[in-house]
Each structure stands twice: as structure tokens, then as C-alpha cells.
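The values are calculated or read from the model by the stated rules, or taken from the named source; none is laboratory data. Fair warning: this is a prediction, and the values are worked out from it, not measured in the lab. We place every Cβ from the backbone using ideal geometry, glycine too, and count neighbours over all the protein chains shown. These accessible areas exclude ligands, DNA and RNA; they are computed on the full protein's heavy atoms, side chains included. Shrake-Rupley method; radii C 1.70, N 1.55, O 1.52, S 1.80 Å.
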Amino acid sequence: MVVMTAKLSKKKLLIAAAAVVLAVVLVFCLKNARPAPDDVPANSHAAFLSSFGYSIEDAPVQVGQVQIPTEPSEVFDRYNALQKSQGYDLSALAGRSVTRYVYKLSGAGEGEWYATVLEYRGEIVGGDVADSAPGGRMHGFAQSA
């Protein structure tokens, strides 16, 4: 059995404690200096959707986690076909949770229109634009309402 001992002076102990406190304060300050997480997606999503000619209201009307199914189904296959038509493929994220942001669109056409943006690790991985009417329509971002 090997036993090691270290001799610390009070000065070294105080310096180590001060370094730990400084690190904690620095992490706290950096965390609070960043924009709130809710602001970042809304701003970047607004820019993304405006590139397709859409304008969103201030904040998402709904935010939640959605798990991409591991087993394909008819509904998922139809939705993923829409995603593939706009350059996304949700099957690559099978079994993973993505964040779903839903925004109310301003001036997108007759009735209420909503844009859904799916995001995984800060990257947009899919979404759609749909109206809220019974039997409503849904299409990709690039198609006009």
C-alpha cells in the first residue's frame, strides 16, 4: 500500500480556494451574459422564416420536445417525404428528441397559419407551414400559402 501526503501552506490553500471561487463567479457571469435561450431561437427562426417570405409574431405559441420514431409508420413516412422535398431527412434522427417550435404567421393568407420549426442541437432539421382550419393544408417552407 502506498500512502502519499502533501504539505499545504495556508497561503497555497487560500490561493486554491480563491481560484475555485473565481471560476464559479466567472461561469455564472458568462452564463448570464448570453441571451436567454428563448430569445435565440425566436430571432434565428424569424430570420430563417423571413427568407421564405414569412413574418412571425414575437414568441413561439408552443415549444416542446418531439421524439422522432424509430419504427416507420404511414404518417411519419408522409411527413418525412415533405421534409425530404425541402432537403431534410428526419429518419437520420430516429429515436432522438428534437425541439418543436410553433409560430403564428402574420399575413400568410386567409385564416390562421402556423410555422413549425424542428431543431436538434441548435440546427434546423425540418418543419412545415400549415393552416389551422379543419382539414387544413400543410406544405414546406418554400411553398407559398
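At Tyr79 and Ala47, where each label point lies 7 Å from the Cα along Cα→Cβ, what is the point-to-point distance in nanometres?
My value for the distance between the label points is 2.8 nm.
Between Arg96 and Lys11, with labels modelled 7 Å along Cα→Cβ, what's the label distance in nm to one decimal, could you check?
5.2
What figure in square angstrom, to the nearest 10, would you give for the accessible area of Lys104 with a 1.4 Å probe?
The accessible area comes out at roughly 50 Å².
Which residues does a label at His139 reach in the range 46-63, if reach means a backbone N under 17 Å from a point 7 Å past the Cα toward the Cβ?
It comes to 49-55, nothing else.
Need the C-alpha centroid separation for the range 55-72 versus the range 84-145, integer Å.
Between the Cα centres of the range 55-72 and the range 84-145 lies a distance of 8 Å.
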